[in-house]
Amino acid sequence: MDVTEKAIKIMKNSYVCDHCLGRQFAELLSGYSNKERGETLRKAVAMDYDSKPFPIHLPNFSGLRFRNSKPDIGKSGRCCVCGDLFSYMEKYAKESEKKMKIYEFDTFVVGSKMSDSLVMKEESLWERVGIKGSEHLRSEVNRELGKLIESMTGKQADEKNPNVTVLLDLQKKRVEIKSNPLYVYGKYNKLIRGIPQTKWSKYKVSVEDIIAKPFMKFSGANGHSMHACGREDIDARCLGWRPFVLELENPAKRKPDLSKMRKEINRAGKVKVKDMKFSNRKEVVAVKTMQPDKVYSVVVKFENPVEAMERIKKAIGTIKQRTPKRVLHRRANKLRNKKVKSIKWTKINKSKYKIVIHTEAGAYIKEFVSGDDGRTKPSISEILKNRAVVESLDVIKIMVR
Ligand SMILES: [Zn+2]
């Protein structure tokens, strides 16, 4: 089928607008809009009719309207594919601009929800003339609305990194604006014991709450979540710098002064942050999948006075750890091999020692000390044949490159 033949086939039943006509030839005439393509094709079809004796090359042209034996290739009525959707674009762009005003943003993306009847009309056109070389209505709608919003707001359409999303709902015939999450990367210390890393109903406050508080106040976000590189126990301090990404949902403002935020977080002395910068979804994944070695400092209490402490060096190497009893209710019962890379100690008294342990990521330190009833082997208890428990635990180094 040549181009004019296909164009005639598209137009012959009822009026199809320039956008919808041009969109069926989206692969032709690059650099033009579908509307321009449609206009050009309409002219070409008209000229074709002028140059050839009517209507020999058209086996079935019913539906075309004629005036003085020349086809009126349709410039009246509503488009049978899109219902003249593109004539409402200006209105939708204005609505978007108005609703976007409450948000601070530099970039946006347009998405659209098609109504079932639009989808059906487009599909029935494809059934009739073929889908080859055509573009989806949705992509033209998104692009054209995007262009209008760009010129009205001076902001940039950016699919890869949009600050806000404009959703054109063609069923409800309205525009909804959603601000995309704001991500802030940083590293934290937890200076006190007894608070969890993330929201937990049993506890009044968490590391996440403390870090998120000034950001929530500033940005007017609806909620927050924290993505961190591992977590310390509630009763442990984290004196090594732990990388995290804070995610703020639907923020109205997205350019907080990070050094001001840092000062506010650090003021209470419970959590300390540093190295904050604006981040993205990708970094969430990077932070969550890092597996850095860690160094812990633990105060260990032994049941009996310790003899020959240097024997614990035997534990350097690979230890086998079954999921600890204390977390079995929420974690799968698995056997893990973990490397203990170094152990150093200082005596506090004859049955109490401070031990510094360097392990690879994911080792359970309390269980490495106690043995967890044989679930961790070897353990400090087992090697020294002296029941040992952790009295206090600090993460003192997180070895992120
Ligand atoms: Zn149309």
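The values are calculated or read from the model by the stated rules, or taken from the named source; none is laboratory data. Bear in mind that the values here come from a model prediction, so they are computed numbers and not experimental data. We place every Cβ from the backbone using ideal geometry, glycine too, and count neighbours over all the protein chains shown. We work out accessible area using only protein heavy atoms, side chains counted, and drop any ligands, DNA or RNA first. Shrake-Rupley method; radii C 1.70, N 1.55, O 1.52, S 1.80 Å.
Being touching a residue at least 60 places away in the same chain (Cβ under 8 Å), surrounded by fewer than 20 Cβ atoms within 10 Å (Cβ to Cβ), in the same structural domain as G317 (by TED's automatic domain parsing) and not acidic (D, E) narrows it down to one residue among S351, S379, S392; which is it?
Result of the check over S351, S379, S392: S392.
Among L148, L167, which is the only one that is touching an Asp or Glu at 6+ places or on another chain (Cβ under 6 Å) and either within 25 Å of S279 (Cα to Cα) or open to solvent by less than 50 Å² (accessible area, probe 1.4 Å) (or both)?
Working: L148 fails: touching an Asp or Glu at 6+ places or on another chain (Cβ under 6 Å).
None of the other options fit; the residue is L167.
Can you tell me which residue in the range 15-34 is surrounded by the most Cβ atoms within 10 Å (Cβ to Cβ), limited to those that are more than 10 Å from the ligand (Cβ to nearest atom) and under 20 Å from G83 (Cα atoms)?
Looking at residues that are more than 10 Å from the ligand (Cβ to nearest atom) and under 20 Å from G83 (Cα atoms), I get Q24.
Looking at (1) surrounded by 15 or more Cβ atoms within 10 Å (Cβ to Cβ); (2) charged (D, E, K, R); (3) assigned to a strand (DSSP E or B), which is the only condition K366 fails?
(3)
Assess whether G240 counts as being closer than 19 Å to R281 by Cα and either open to solvent by less than 20 Å² (accessible area, probe 1.4 Å) or at pLDDT below 95 (or both).
Here the answer is no, as G240 does not meet what is asked.
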